[in-house]
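The values are calculated or read from the model by the stated rules, or taken from the named source; none is laboratory data. Fair warning: this is a prediction, and the values are worked out from it, not measured in the lab. Cβ: placed from backbone, ideal geometry, glycine included. Neighbour counts: every protein chain shown. What goes into the accessible areas is simple: the full protein's heavy atoms, side chains included, and nothing from ligands, DNA or RNA. Shrake-Rupley method; radii C 1.70, N 1.55, O 1.52, S 1.80 Å.
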Amino acid sequence: MDKLLIRGCGPLAGEIRVSGSKNAALPILAATLLSSEPVLIRNLPHLHDVTTMIALLRSMGTELIVDERLGVEINGSTTTKTTAPYELVKTMRASILVLGPLLAHFGHAKVSFPGGCAIGSRPVDQHLRGFEAMGAIIDIDEGYITARAPEGGLKGAHVLFDMVTVGGTENVMMAAALAKGRTVLENAAREPEIVDLANCLIAMGAKITGHGTATITIDGVERLSGCTYSVMPDRIEAGTYLVAAAASRGSIRLRDIGPETLEAVLVKLEEAGAKIESGADWITLDMDGRQPKAVNIKTMPYPGFPTDMQAQFTAMNTVADGVSHVTETIFENRLIQTHEMNRMGAKITIEGNTAMIKGIDRLKGAPVMASDLRASASLVIAGLVADGETLVDRIYHIDRGYECIEEKFLALGADIRRVAN
């Protein structure tokens, strides 16, 4: 198992390109199962989770062709099996997203309960209630979800989610694309990745309106066709590098990223003292060598502050000027990385779902262990602003969500390398 060895350095500086979004790529790959023709997906990030989703599609007999630019052509109509096995699903929660497309296109599906990061309970009941509203018969047995469409296929329905759910919105929206009649999703998630998935489905011939709002309307069509579609840039990857630059008192330019997807993050970075400039597809951040100011954070569903950026801001706050409060409202275990930061000299106390952080000038390098994807990134940031060496263990989490992380940090002047266990 590889580790990352980081030696604390001065301010990060330089320019990097933002990769395609993991959180958009995974549902879009699942959506290709809906099409009766080949779909070519471009700008896929080279990540373990993307590789796992491709392996899952292949395990079901789906024909795939990977080109020299890491584009993937997928022919969903060639799928011969509608079972997603535990061996693949256990490592990645997004595997549940094949359930809706399989159910809608082939009339039945069997998917293992998903795994992934240990950041808290993420039940799939909202997904299943949506499918049942469209007439599906759901059975749960021995760790598998079995779903079968009624005779004549899924039917349009009114679905009111009890809570805002990104995966549930994606799964039910995909199933509704081939359902008979109109489906209306209320209290739907509004994330940019939802919009990207809807735009891909529309390119395939789906009839969807309201994506990006709390009410999404889908008029089912008889079949979806092929298309070529490029995945949106990864706003969480972009935010991670911006925060790393701010924590290190540096400057950075990001290419291939739309600033409109990062508004909540950019506002907080400006509050921390960063000078932000942006254009249609670029963002720059400059701290002018100054220590960041402590900022209070409370995670909320989009367009609020993203839970996937909480850990990175927590790391920045450990070396910020002042006292901050970070409140996590989405996942109950997502402050777990603070214990590792305290081993590096951070002054963090936890009360319920809130961390109180008293900023100091520098952390101290130490061996640390990552518990999940974004915690991994936060520990890398902590290592970059620590004196001495930091060894980050269990970085397989990082490889699930960050493409070439050490190469990109090296381009910014970091002292970081991958070492074998």
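Annotations
- Solvent-accessible area of Ile348 with every protein chain in place, 1.4 Å probe, in Å² to the nearest 10: 10 Å²
- Long-range HN-HN contacts of Ser248 with modeled amide H, under 5 Å: Leu12
- Charge dipole of the chain about the Cα centre (unit charges at C-beta), most positive-ward option of Thr228, Ala94, Gly205: Ala94
- Computed 3J(HN,Hα) for region 182-189, one whole-Hz value per residue from the Karplus formula 6.51 cos²θ - 1.76 cosθ + 1.60 where θ = phi - 60°, is 9, 10, 10, 9, 9, 6, 6, 5, glycine and proline marked x.
- Dipole-positive endmost among Thr314, Val18, His46 within the chain (Cβ charges, Cα centre): Thr314
- 3J(HN,Hα) along region 31-40: 5, 5, 5, 7, 7, 8, 9, x, 10, 9 Hz, from the Karplus curve 6.51 cos²θ - 1.76 cosθ + 1.60 with θ = phi - 60°, whole Hz, x for Gly and Pro.
- Taken about its Cα centre, region 171-259 carries a charge dipole of about 120 debye when Lys and Arg each add +1 at the Cβ and Asp and Glu each add -1 at the Cβ.
- Environment charge at Ala214 (Cβ cut-off 13 Å; Lys +1, Arg +1, Asp -1, Glu -1): -1
- Nearest-20 debye value, region 76-205 charge dipole, Cβ charges on Lys, Arg, Asp, Glu: 220 debye
- Rounded FRET efficiency, nearest 0.05, which uses the C-beta distance separating Arg290 from Thr354 and R0 of 25 Å: 0.40
- Length-normalised contact order of region 20-228 in % [C-alpha pairs under 8 Å, at least 6 apart]: 20 percent
- Subset of Lys3/Lys268; Lys3/Lys275; Lys110/Lys155; Lys90/Lys364; Lys81/Lys155; Lys90/Lys180 violating a 27 Å alpha-carbon distance limit: Lys3/Lys268; Lys3/Lys275; Lys90/Lys364; Lys90/Lys180
- Aspartates and glutamates whose Cα lies under 20 Å from that of Lys298, excluding same-chain neighbours fewer than 8 positions away: Glu191, Glu237, Glu260, Glu263, Glu270, Glu271, Asp308, Asp321, Glu328, Glu332, Glu351, Asp372
- Region 265-367, accessible surface, carbon-and-sulfur percent (1.4 angstrom probe): 50 percent
- In the chain, Cα pairs under 8 Å separated by at least six residues give a relative contact order of 21 percent.
- Our summary of shape: the Cα atoms of region 22-125 have principal axis extents of 37, 31, 20 Å, ordered from largest down, in whole angstrom.
- Max mean-square fluctuation residue, GNM over the chain, Cα-Cα springs under 10 Å, options Ile218, Ile96, Ile140: Ile140
- The stretch between Glu332 and Glu37, if pulled fully straight at 0.36 nm per residue, gains 102.0 nm over its current Cα-Cα span.
- Accessible area of the chain divided out per residue, in Å², using a probe of 1.4 angstrom: 38 Å²
- Dimensionless Rg over Rh [region 366-421; C-alpha; Kirkwood]: 0.91
- Projected onto planes of every orientation and averaged, the convex hull of the alpha-carbon atoms in the chain covers 18.4 nm².
- Surface calculation, 1.4 Å probe, protein heavy atoms: His46 sits at approximately 120 Å² accessible.
- Cα-only radius of gyration and Dmax that characterise region 20-228, units Å: 15.2, 44
- Taking N as the residue count of region 285-421, its C-alpha radius of gyration divided by 2.2 N^0.38 Å amounts to 1.00.
- Potential extension, Thr83-Asn421 segment - 0.36 nm per residue separation minus Cα distance: 118.2 nm
- Across Val89, Val124, Val231, mean-square fluctuation computed from a Gaussian network of the chain (C-alpha pairs under 10 Å connected) peaks at Val124.
- With R₀ set to 22 Å, the beta-carbon distance separating Arg17 from Glu68 gives a calculated FRET efficiency near 0.75.
- For region 26-49, the residues whose backbone nitrogen is under 19 Å from a point 7 Å from the Cα of Leu410, taken along Cα to Cβ, are 46-48.
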